[in-house]
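First comes the structure, then the notes that go with it.
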Amino acid sequence: MVQKENTLETPQVDGEPSPSPVSGEPCAEVPGPVEETVIGVETTGLRKFISGVVEGFYGRPWTMEQRKELFRRQQKWGLNTYLYAPKDDCKHRMFWRELYSVEEAEQLMTLIGAANEHGIEFIYAISPGLDITFSNQKEVSALKRKLDQVSHFGCKSFALLFDDIDHNMCPADKEVFSSFAHAQVSITNEIYQYLGEPETFLFCPTEYCGTFCYPSVPQSPYLHTVGEKLLPDIDVLWTGPKVVSKDITVESIEEVSKILRRAPVIWDNIHANDYDQKRLFLGPYKGRSTELIPRLKGVLTNPNCEFESNFVAIHTLATWYKSNMNGVRKDVVMSRQVPQSGAKGTGIDVSSMTAPSLCSSTTVTTVFQQPIMSPAMPALCLDPISLPLVEVEKKDSDEEPMEMVVEKQDEAEPEAEVDPEEKHAGPILADKMAEDLKPMDTDKESLAESKSPEESIQEDSGNDIAPMQTDDQLKQEVFVPGPNEKALFTAEPLTLEDLCLLAELFYLPYEHGPKAMQMLKEFNWLRANSSVVSVNCKRRESEKVTEWQSRAEKFEEMCCSVIQMFTRLSNTANRTILYDLYSYLWDIKSIISMVKSFVQWLGCRSQSSAQFLRGDQEPWAFRGGLAGEFQRLLPIDGANDLFYQPPPSLPSSKIYTIRPYFPKDETAVYKICKEMYCEGTEDVPFSDDDPDLIGDRLVGGLLTLSSDYGFVLEDDEGICGYALGTVDVKPFIKKCKLSWIPFMQEKYHKPDCDKDLTEAEKMILSFHEEEEGLPDSFLSNFPSLIKVDVHAKVTDPSVAKSMMGCLLSSLKANGSHGSFCKVRQTDKRMLDFYSKLGCFEVAKMEGFPKDVIIMGRSL
């Protein structure tokens, strides 16, 4: 430990802020912005406005190199503050009393120095609220000693956070303080004065958003105490009406400012994604009118955990701030064209992701084609989705194209006509979401739900740069294949459309981008109207059929564009960005592939009785982002195990396609069936005299009599897997006895049972013997027979889940509520295979065959 004696002096290190330690403990998300150091952006110096980034999320912290890159970008874009509050720095919250070690101290001092070099104010936050005894002077001394140590590192600005803690005081504190608020304010004032009343000192209240205020914001005794007793130069953090606020209105800020008796600093969670492992937010900073700027002390964004995904979030925050940094109390709108006199502004809204200028489109592809942190490359300074607007002055090549700002007209003009597509980009999550989504929660359960290690992409073992890598890893040389070695990937050029699509698929917490909304709308329509193309439709109306097929074709094209985007991003030369985004790309690609296959099945195999029991309601409150909403719209929306498909440890761009089975596929399916049946056996038990025997016995009946429930898996070499089934095994068995079995008996003559039979002869004999039927008590719960297999060359375990998902969706859509499969007792491979697909061994019942294990799965 670096032992430092308590000192009343403020740090002597010049420059602004000080860096922060390494990862920390899951802590509350209460932000702590800092007062901004006077930076080039501050024009007149009439008012200080804290603007920048808070590293306050759960999960692996950013590396030192990433933080330095953040400081460089902040300086370039005119942001001035960095708040250090990583939840994986356990000495920030859980073990707040412990001093930093020598190594940790060096890291912090290096970070502080880097912030100072770029003119960024570094604010160190500490969260002692979990277990501090406010009335115990030893505890207060421990807090002073810790902050003394950090101030000796060069830190001049601090934040004291009391978020996400129990409101109840211990008995000792109750004897000294009249309320919890009094206790917090007392220690905050004391620490503030002890540190010499630093220019920037932030306080995060326990009631840090509107929904946490009891009974309400204006009537909260807690907030009133804070406003009355907290020293006036201490700034207060606030997240808005909710933890994750869709909108922060002028009225709400004026209300809380009146009670706090000061303008708050916003800790903004609009881009925070640590509360949902399937969500990433690449949309712009929006929902906050620029009229807020003169009413706030500052804004700090708490962005995505993945560093490289925050370019748009931070850049658009900078644009928002620059638009009204002079404190003019007049709203502005950001637009690509000068608004006509009838246009009415509602604050900066950069939601539209249309094509930027040539300059920007060139930079976006450049960013993704080159490694950003490679020593050979210049630091990344290009905006993937910046929105240059009309009348933008020509800038030097190293400057960012910033958005054009136009003042809102004072006159009340009629609103400009809204684009119809934008009408669909409405709220995604109900208001109740704020109660469920609490990125500031510190509960272990909440933390476990966020981003568990087994669900996040593993680091590359040494070839490319992994996300959130350590600095030692960054120094490793990039893998260069030798003469006889295969390259890890072949770089593919990205298009601007790819990145626009990416941003719209992962937009904002309460809304999707226009393309994502269009895909949801089309899938909903295709489901609802699938009866017009069903195989048993009595009156096929050609116009409706044509419309359905046309819209299905367009929907498939949209799905293909997502899959192509995944492929190109997987092959991007910028592996740093890829590793940050890959798990999200993998997830959306997997669900879109499944949905695409299901739509293909609807168009040629569905029954007019197809039913979708639970997907018709608005799914805005469903967690999981766009992928979660598509899951909810599939008939098997509750089969979470099939949708949980972790990405491979090494990013791969290989694509598998699942589509409905057609008669021309029979030979390929038979071949896979035979190869996999004989897998692992040294002596092939079947001769070439009967090449179709295995296929005829295992899958022939399903292919012939129940092809409506068949899917095949394809790669670039052809078919490599299949998923077959029948919605109700009882009528299927009757059909087999009437047509399929007699045909097989004619094809394969009954062997002589008086001699020892070969494996092939035993299989032939099964065609000539009466098959035992399963008991009705079992079939009433598991009416559908399924058969799934994947060739051994397929190493991606997710494709089997996707095939199973397609098959079970088709069965459930046509009324099934359970499925089963038959597995030989000696076939360990298939027992394990079906177990991983969510099937369980059904307890033996009277009437079950003796040499077969029955496995079932409820739908």
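Show the residue pairs meeting these rules: Cβ distance below 7 Å; 6+ apart or different chains; first residue within segment 728-749 and within 15 Å of GLY773 (Cα to Cα); second residue of a type outside the set (A, V, I, L, M, F, W, C) and in a loop (DSSP other than H, G, I, E, B). Final answer for the pair search is ASP728/PRO783; VAL729/PRO783; PHE732/SER706; ILE733/GLY773. Looking only at segment 51-104, residues that are in a loop (DSSP other than H, G, I, E, B) and more than 23 Å from the chain's Cα centre (by Cα) come to 12 in all.
Of all residues in segment 552-576, count the ones that are basic (Lys, Arg) and buried (at least 16 other Cβ atoms within 10 Å of the Cβ). Can you show your working first?
Step one: list which residues in segment 552-576 are basic (Lys, Arg), which gives 554, 568, 575.
Next, from what is left, pick out any that are buried (at least 16 other Cβ atoms within 10 Å of the Cβ): 568, 575.
The total comes to 2.
Where residues in segment 716-744 are among the aromatic types (Phe, Trp, Tyr) and over 18 Å from PHE778 (Cβ atoms), which of them is least open to solvent (accessible area, probe 1.4 Å)?
Our first condition is that a residue be among the aromatic types (Phe, Trp, Tyr); within segment 716-744, this holds for 722, 732, 740, 743.
Within this subset, residues satisfying the condition of being over 18 Å from PHE778 (Cβ atoms) are 722, 740, 743.
On the way: TYR722: 2, TRP740: 25, PHE743: 108 Å².
Result: TYR722.
Look through LYS674, LYS664 and report the one residue that is out of contact with any helix residue (DSSP H, G or I) (no Cβ under 9 Å at 6 or more places or on another chain), charged (D, E, K, R) and at pLDDT 85 or above. Let's see the steps before the verdict.
Details: LYS674 fails: out of contact with any helix residue (DSSP H, G or I) (no Cβ under 9 Å at 6 or more places or on another chain).
When all the criteria are applied, what remains is LYS664.
Going residue by residue through segment 129-139, is there one that turns out to be aromatic (Phe, Trp, Tyr), under 31 Å from the mean Cα position of the chain (by Cα) and not in a helix (DSSP H, G or I)?
Residues of segment 129-139 aromatic (Phe, Trp, Tyr): 134.
Filter again for under 31 Å from the mean Cα position of the chain (by Cα), leaving none.
Within segment 129-139 (the criterion being aromatic (Phe, Trp, Tyr), under 31 Å from the mean Cα position of the chain (by Cα) and not in a helix (DSSP H, G or I)), the answer is no, since none of the residues qualifies.
Of the residues making up segment 564-601, those that are over 26 Å from GLU553 (Cα atoms) and assigned to a helix (DSSP H, G or I) are ARG575, THR576, ILE577, LEU578, TYR579, ASP580, LEU581, TYR582, SER583.
What's the total number of residues in segment 806-840 that are in a strand (DSSP E or B), charged (D, E, K, R) and in contact with a helix residue (DSSP H, G or I) (Cβ under 8 Å, 6 or more places away or on another chain)? Final tally of qualifying residues: 1.
On inspection, ILE120 qualifies as touching a residue at least 12 places away in the same chain (Cβ under 8 Å) and surrounded by 23 or more Cβ atoms within 10 Å (Cβ to Cβ). One residue stands out in segment 617-637 among those that are modelled with pLDDT of 80 or more and either more than 17 Å from TRP525 (Cα to Cα) or open to solvent by 40 Å² or more (accessible area, probe 1.4 Å) (or both): the one that is farthest from the chain's Cα centre (by Cα), namely ILE636. Looking at VAL299, is it surrounded by 23 or more Cβ atoms within 10 Å (Cβ to Cβ), among the hydrophobic types (A, V, I, L, M, F, W, C) and assigned to a strand (DSSP E or B)? So VAL299 passes the test. If the condition is being more than 38 Å from the chain's Cα centre (by Cα), closer than 28 Å to SER151 by Cα and β-branched (Val, Ile, Thr), then segment 190-228 contributes only ILE191.
Within segment 144-168, restricting attention to residues that are aliphatic (A, V, I, L, M) and assigned to a strand (DSSP E or B), the residue that is surrounded by the most Cβ atoms within 10 Å (Cβ to Cβ) is LEU161.
Scanning segment 88-117 for residues that are in contact with a helix residue (DSSP H, G or I) (Cβ under 8 Å, 6 or more places away or on another chain) and of a type outside the set (Asp, Glu) gives LYS91, TRP96, ARG97, LEU99, TYR100, ALA105, GLN107, LEU108, THR110, LEU111, ALA114, ALA115. Scan segment 757-798 for residues that are out of contact with any helix residue (DSSP H, G or I) (no Cβ under 9 Å at 6 or more places or on another chain) and closer than 19 Å to LYS671 by Cα and the total you get is 3. Tell me, please, whether a residue that is in a helix (DSSP H, G or I), open to solvent by 20 Å² or more (accessible area, probe 1.4 Å), within 17 Å of ASN136 (Cβ to Cβ) and without any contact (Cβ under 8 Å) to a residue 60 or more places away in the chain can be found in segment 197-212. Within segment 197-212, not a single residue is in a helix (DSSP H, G or I), open to solvent by 20 Å² or more (accessible area, probe 1.4 Å), within 17 Å of ASN136 (Cβ to Cβ) and without any contact (Cβ under 8 Å) to a residue 60 or more places away in the chain. Against the definition (within 24 Å of ASP728 (Cβ to Cβ), among the acidic types (Asp, Glu), at pLDDT below 90 and open to solvent by 10 Å² or more (accessible area, probe 1.4 Å)), how does GLU771 come out, yes or no? Judged against the criteria, GLU771 is a match. Against the criterion of being in a helix (DSSP H, G or I), more than 21 Å from SER706 (Cα to Cα), of a type in the set (Ser, Thr, Tyr) and in contact (Cβ under 8 Å) with a residue 60 or more places away in the chain, SER777 qualifies.
Looking only at residues in segment 518-551 that are part of a helix (DSSP H, G or I) and among the aliphatic types (A, V, I, L, M), the one that is surrounded by the fewest Cβ atoms within 10 Å (Cβ to Cβ) is ALA528. For segment 828-857, which positions are crowded, with 18+ Cβ neighbours inside 10 Å and without any contact (Cβ under 8 Å) to a residue 40 or more places away in the chain? CYS839, ILE853, MET855, listed by residue number. Of all residues in segment 684-696, those that are within 8 Å of LYS674 (Cβ to Cβ) and at pLDDT below 75 have Cβ atoms under 6 Å from Cβ atoms of residues that are among the small types (Gly, Ala, Ser) and surrounded by 15 or more Cβ atoms within 10 Å (Cβ to Cβ), 6 or more apart or on another chain, in PHE686/ALA760.
Among the residues making up segment 226-263, those that are open to solvent by 20 Å² or more (accessible area, probe 1.4 Å) and hydroxyl-bearing (Ser, Thr, Tyr) are THR249, SER252, SER257. Put simply, of TRP601, TRP586 the only residue that is in contact with a strand residue (DSSP E or B) (Cβ under 6 Å, 6 or more places away or on another chain), open to solvent by less than 40 Å² (accessible area, probe 1.4 Å) and modelled with pLDDT of 90 or more is TRP601.
Can you find even one residue in segment 556-563 that is outside any loop (DSSP other than H, G, I, E, B), among the acidic types (Asp, Glu) and in contact (Cβ under 8 Å) with a residue 60 or more places away in the chain?
So the first thing to find is which residues in segment 556-563 are outside any loop (DSSP other than H, G, I, E, B), and the list is 556-563.
Now drop any that are not among the acidic types (Asp, Glu), which leaves 556-557.
Within this subset, residues satisfying the condition of being in contact (Cβ under 8 Å) with a residue 60 or more places away in the chain are none.
Within segment 556-563, none of the residues are outside any loop (DSSP other than H, G, I, E, B), among the acidic types (Asp, Glu) and in contact (Cβ under 8 Å) with a residue 60 or more places away in the chain.
The values are calculated or read from the model by the stated rules, or taken from the named source; none is laboratory data. Quick caveat: nothing in here was measured; it's all calculated off a predicted structure. Glycine also receives a Cβ, built like all others from the backbone with ideal geometry; neighbour counts cover every protein chain displayed. What goes into the accessible areas is simple: the full protein's heavy atoms, side chains included, and nothing from ligands, DNA or RNA. Shrake-Rupley method; radii C 1.70, N 1.55, O 1.52, S 1.80 Å.
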